[in-house]
4 protein chains.
Amino acid sequence: MLHECNMWVLGGDLRQARLAELLAEDGHRVYAYGLERAVHATEDLSVREDLEGIGRADCVIFPLPAADASGMLHCPLSSQRVQMTHILQKLSPSQAILGGRVDNATAGAAAELGLTMEDYLSREELAVANAVPTAEGAIQIAMEEMPITIHGARVLILGFGRVGRALAPRLQALGARVTVAARRYEAMAWAESMGLGAERLDDLGAWLWGCDLVVNTIPALVLGERELTLIRQDCLILDLASKPGGVDYPAAERLGRRVVWALSLPGKTAPASAGAAIRDTVYHMLEERGL
Amino acid sequence: MLHECNMWVLGGDLRQARLAELLAEDGHRVYAYGLERAVHATEDLSVREDLEGIGRADCVIFPLPAADASGMLHCPLSSQRVQMTHILQKLSPSQAILGGRVDNATAGAAAELGLTMEDYLSREELAVANAVPTAEGAIQIAMEEMPITIHGARVLILGFGRVGRALAPRLQALGARVTVAARRYEAMAWAESMGLGAERLDDLGAWLWGCDLVVNTIPALVLGERELTLIRQDCLILDLASKPGGVDYPAAERLGRRVVWALSLPGKTAPASAGAAIRDTVYHMLEERGL
Amino acid sequence: MLHECNMWVLGGDLRQARLAELLAEDGHRVYAYGLERAVHATEDLSVREDLEGIGRADCVIFPLPAADASGMLHCPLSSQRVQMTHILQKLSPSQAILGGRVDNATAGAAAELGLTMEDYLSREELAVANAVPTAEGAIQIAMEEMPITIHGARVLILGFGRVGRALAPRLQALGARVTVAARRYEAMAWAESMGLGAERLDDLGAWLWGCDLVVNTIPALVLGERELTLIRQDCLILDLASKPGGVDYPAAERLGRRVVWALSLPGKTAPASAGAAIRDTVYHMLEERGL
Amino acid sequence: MLHECNMWVLGGDLRQARLAELLAEDGHRVYAYGLERAVHATEDLSVREDLEGIGRADCVIFPLPAADASGMLHCPLSSQRVQMTHILQKLSPSQAILGGRVDNATAGAAAELGLTMEDYLSREELAVANAVPTAEGAIQIAMEEMPITIHGARVLILGFGRVGRALAPRLQALGARVTVAARRYEAMAWAESMGLGAERLDDLGAWLWGCDLVVNTIPALVLGERELTLIRQDCLILDLASKPGGVDYPAAERLGRRVVWALSLPGKTAPASAGAAIRDTVYHMLEERGL
């Protein structure tokens, strides 16, 4: 069990705001900086406009992403503008310093100061937990965009990693007829064991034509011009792959295919749940440090 | 098996447009009137601007609803404006005349002409089929409105009729913790047999406070001021009951409760699926006539 | 909430024994008679060898079935042999007298004494609750008898009443491909809304041949010689219909079809759960009496 | 697509018999040796009493396990008694030689002859596929042994590997309240994403007491005397771990705990499905060889 800690929560979006609230509800002493538009002060939660006292924190939690492209703290819910290095200079190696999707420049700046910023987004349990809001976001988009119900829809999911494994059984439970396309026999065996159809990824031709919805979860160009040609015009293509995405977008536009490229769904569709998942992961990281 | 028929499909929204297309795809000779903005002519589907030849139809299908308040054909996807009586006068008792939510004035006008307009919306199988897009629409709204995932949410469903029975297992499969409140022991036993929680409807106090989402499916005032007071402010209330609804709306506004009143979801969220369900029901009605 | 009652639990099998225990655990004063081989005395539970004091009971619960063919209390877990009339004569109209599957002779004997024996098995909520152990028992038998997994098996369920609705989604969740055959369009719509296949009961020919498992839940002869001929020899036929059953048994034997006729599954496969369901129903009946 | 092959299927139990039948149904030329009690000759399937012609096979498939402890072919469905080395001497390196759970002595004997026996049981896709009949077998045993329904039972599953991931959602779908105990946060996150409870394996004390069923899937002593003491006497313990198992068996006996140790469930409960899974894996192995 974690002891009561002194924690600073810096910048970020509604996930980070929810994180600050949850940590305070758990009995920690929380200071929120760079979140003044989203967080309200309570007995255990102080909303701060300066960094006074951050050096006494047991744990400092940067947002996801930690910094923007110009090296400033990412804080869209605040009027603050502050350099990451300015904050890092106030910290010491004995503190737990955590951040999400920590870029190389930030990691380098921390290292120069003798600090280590641990990345909670690289933790497997958070990636697994984030697959749930990603799957729900995908379902929401499909419901919004399609004139038919998920029930009875023929769905092809490309890839069977974390997102595919969260999404496929949910669509199936809603009544869709779901087939998974994967490269490895093992992944196909998993899909079959869950009652899903399973096909080889390199042999999709015939399957594409019958689909009402194709969801890509593979971060590679899997839907090129040839595949797009085989997809019906009234089929929705939902690309969940991070940049550069899994669809030949110019070809899709040329062919008149309907593609929705949905990125970073957890923070958009369920920030409170995503913040709770970060909280759990932060606790695991602190427990492993013996806090 | 149904023989090839001569069918007229009149007015209505995208459901009716889809119905016309599906009937034509099944090989029937279809004439669409009052749908010119949504239907394209094909070999088996004629888009008509007048009623010439409607007297030769085996089956005439009015939309859902059949007529608007002033006795005109309901045809929002058309520039036509035509009195129902004008159409009815062209029909004969030997034709199958079907419509959805047929009002008393229309039914009376038909009767005067010796015609019977059968209401497909009163068919139990259509009501059951419509529960699926209603449930999906409710899930879509919950996903859009809530900052948390359905996964892990505590949901209370009021009523366990067709919509409740379609919605509850879907939310459960998405990871929600679902409790059903019903009046009858039998309905509670059904809910329990499906792994859902079950409570007496008249004893809800304690349950309301813990909810993230309350969905009402009962067409009666079940969420009055007392119940609304017990619901947390961050809980979403989703009222699926037809007018006058199941919520004391003035009280909800006074107390600052978030209520979404969602009506006629099938036609809004999945018109193509809703049209397919009407098609199936029309076939059943024609089969029972021996067509 | 039910007050603490003085309850007598008479005869029966392990369900009745569990009922006695559960009532005692809930704080009632329980006297068990005709159950001495299965029930152990505790502070709240007396094991009785005579009926002394039964006249002071608030509630007397006969077993399921209440009596055997010769008018004796059904008590297979006891060495007692006692006439129903002997017990009934000790009771008075002010007591709640409950029994399961009460035969005409017993009901008549009670009526002559001015007593009313209410039948808990005729309560809809108990019938619904019993569908769960029936469905589990059917799954257990299918697992025991078939050389293939439920996963991937093609299953046809005849009828979509309480047992069909409990069984079909369970087999589906285990990975079977389940089709329901029913007479009414409404039942077919329910099956389809749950993602099951649905067929007309009177048009089964083609479906029978492909099946690995056929489960009948309809109390009528639905699998006659013609249908049995169409079923493959390695298909398991599971008849859950009460006597006279739904299979032409002589024809099945002649044709070498594998049929298992499984009756009264709740008491056999899950007596403790079945006893708990009776307890819930008894409480409902007592609450309705105002106890 | 695999070409038509000449295949020998040797020894084994009903899985191997089914494998021979399935290969023949797929159009291969199949010779079954050491299976005469279970296999019937067809046009494409010869039942052989000697090994004449095995040298011309494209593929030779030994059973699972391949050999018994004394180095003889494992063939319980045959009166044959033949040394593995006797068979191996008739084979050549150009043939695909496959076997299940190949022991060191057999592998060594093959190597001396310049042959490589590939082990299909070491293929991940077969391990995943076998998790399904293992899960079903576990459910069957639980249904047979417990006086309550799976529905409503409180189940603890130790470990969340292949078997845990196949078993947990099946029990959940049957209505059990399932908690998974695992060592790694990642596995716990997976369990939570599937709507299951998740607990740390090293912190089980409180959970054990409430369980109706504990299923162990971890091949290590996880249920020692301390844990067994905390499990209620009427709880069923089902140990699916291969030898030496996951339970302190002497302690369990001393404490009067009900333990069922179930090994090799696929071959016992669903040999035909297990044979089909071996067939799929054999095809993958042959395809990878370019056959």
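The values are calculated or read from the model by the stated rules, or taken from the named source; none is laboratory data. Computed from a predicted model, the values in this text were never measured in an experiment. Ideal geometry is used to build each Cβ from the backbone, glycine not excepted, and the neighbour counts take in all protein chains shown.
Things worth noting here:
- Count of the stretch C:1-25 residues which are more than 19 Å from the chain's Cα centre (by Cα) and closer than 22 Å to C:Gly55 by Cα: 10
- Filter pass, D:Asp119 being free of Cβ contacts under 8 Å to residues at least 12 places away in the same chain and more than 8 Å from every other protein chain (Cβ to nearest Cβ): no
- Residue list for the stretch C:255-291, filter: among the basic types (Lys, Arg) and within 21 Å of C:Leu213 (Cβ to Cβ): C:Arg257, C:Arg258, C:Lys268
- Hey, A:Ala67 at pLDDT 95 or above and either touching a helix residue (DSSP H, G or I) at 6+ places or on another chain (Cβ under 6 Å) or not assigned by TED's automatic domain parsing to the domain that holds A:Ile97 (or both) or not: yes
- Figure legend. Inter-residue proximity from the stretch C:205-225: first residues at negative phi, second residues in a helix (DSSP H, G or I) and of a type in the set (Val, Ile, Thr), beta-carbon distance below 8 Å, spacing 6+ or different chains. Indicated pairs: C:Thr217/C:Val163.
- In the stretch A:1-15, of all residues being assigned to a loop (DSSP other than H, G, I, E, B) and touching a residue at least 24 places away in the same chain (Cβ under 8 Å), the one that is surrounded by the most Cβ atoms within 10 Å (Cβ to Cβ) corresponds to A:Gly12.
- Yes/no for B:Ala252 being at pLDDT 95 or above, within 14 Å of chain C (Cβ to nearest Cβ) and not in a loop (DSSP other than H, G, I, E, B): no
- Verdict on C:Pro266 being without any contact (Cβ under 8 Å) to a residue 12 or more places away in the chain and either closer than 30 Å to C:Val60 by Cα or not in a loop (DSSP other than H, G, I, E, B) (or both): no
- Any hit, the stretch D:187-201, residues being of a type in the set (Asp, Glu), without any contact (Cβ under 8 Å) to a residue 12 or more places away in the chain and closer than 15 Å to D:Gly161 by Cα: yes
- Flag for A:Trp207 being in a helix (DSSP H, G or I) and away from every other protein chain (no Cβ under 14 Å): yes
- Residues that are out of contact with any Ser or Thr (no Cβ under 6 Å at 6 or more places or on another chain) and either acidic (Asp, Glu) or surrounded by fewer than 22 Cβ atoms within 10 Å (Cβ to Cβ) (or both) within the stretch B:29-44 comprise B:Arg29, B:Arg37, B:Ala38, B:His40, B:Ala41, B:Thr42, B:Glu43, B:Asp44, listed in sequence order.
- Applying the criterion of being of a type in the set (Asp, Glu) and part of a helix (DSSP H, G or I) to the residues of the stretch C:90-132, the residue that is farthest from C:Gly12 (Cα to Cα) is C:Glu112.
- The lone exception for B:Ser242 - which of (1) surrounded by fewer than 17 Cβ atoms within 10 Å (Cβ to Cβ); (2) in contact with a strand residue (DSSP E or B) (Cβ under 6 Å, 6 or more places away or on another chain); (3) not basic (Lys, Arg) it fails: (2)
- When restricted to residues that are in a helix (DSSP H, G or I) and away from every other protein chain (no Cβ under 11 Å), the stretch A:141-166 contains 1.
- Against the test of being surrounded by fewer than 22 Cβ atoms within 10 Å (Cβ to Cβ) and in contact with a Cys (Cβ under 7 Å, 6 or more places away or on another chain), the options B:Leu286, B:Leu208, B:Leu255 yield a single qualifying residue, B:Leu286.
Quick grid of which residues meet (1) farther than 30 Å from A:Ala182 by Cβ; (2) of a type in the set (Lys, Arg); (3) modelled with pLDDT under 95; (4) in contact with a strand residue (DSSP E or B) (Cβ under 9 Å, 6 or more places away or on another chain):
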{"site": "D:Leu77", "(1), (2), (3), (4)": "yes, no, no, no"}
{"site": "D:Ser92", "(1), (2), (3), (4)": "yes, no, no, no"}
{"site": "D:Leu98", "(1), (2), (3), (4)": "no, no, no, yes"}
{"site": "D:Leu113", "(1), (2), (3), (4)": "yes, no, no, no"}
{"site": "D:Leu126", "(1), (2), (3), (4)": "no, no, no, no"}
{"site": "D:Met146", "(1), (2), (3), (4)": "yes, no, no, yes"}
{"site": "D:Leu158", "(1), (2), (3), (4)": "no, no, no, yes"}
{"site": "D:Pro169", "(1), (2), (3), (4)": "no, no, no, yes"}
{"site": "D:Gly175", "(1), (2), (3), (4)": "yes, no, no, no"}
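- Given (1) within 14 Å of chain D (Cβ to nearest Cβ); (2) surrounded by 22 or more Cβ atoms within 10 Å (Cβ to Cβ), index of the condition C:Thr217 fails: (1)
- Note on the stretch D:176-195: residues that are surrounded by 23 or more Cβ atoms within 10 Å (Cβ to Cβ), within 14 Å of chain C (Cβ to nearest Cβ) and over 24 Å from the mean Cα position of the chain (by Cα) total 1.
- Being in contact with a helix residue (DSSP H, G or I) (Cβ under 9 Å, 6 or more places away or on another chain) and surrounded by fewer than 14 Cβ atoms within 10 Å (Cβ to Cβ) is a property that holds for D:Arg226.
- Meets criteria (modelled with pLDDT of 95 or more, out of contact with any strand residue (DSSP E or B) (no Cβ under 7 Å at 6 or more places or on another chain) and over 20 Å from A:Val132 (Cα atoms)) for A:Glu287: no
- Of all residues in the stretch A:4-38 being of a type in the set (A, V, I, L, M) and in contact with an Asp or Glu (Cβ under 7 Å, 6 or more places away or on another chain), the one that is nearest to A:Met117 (Cα to Cα): A:Met7
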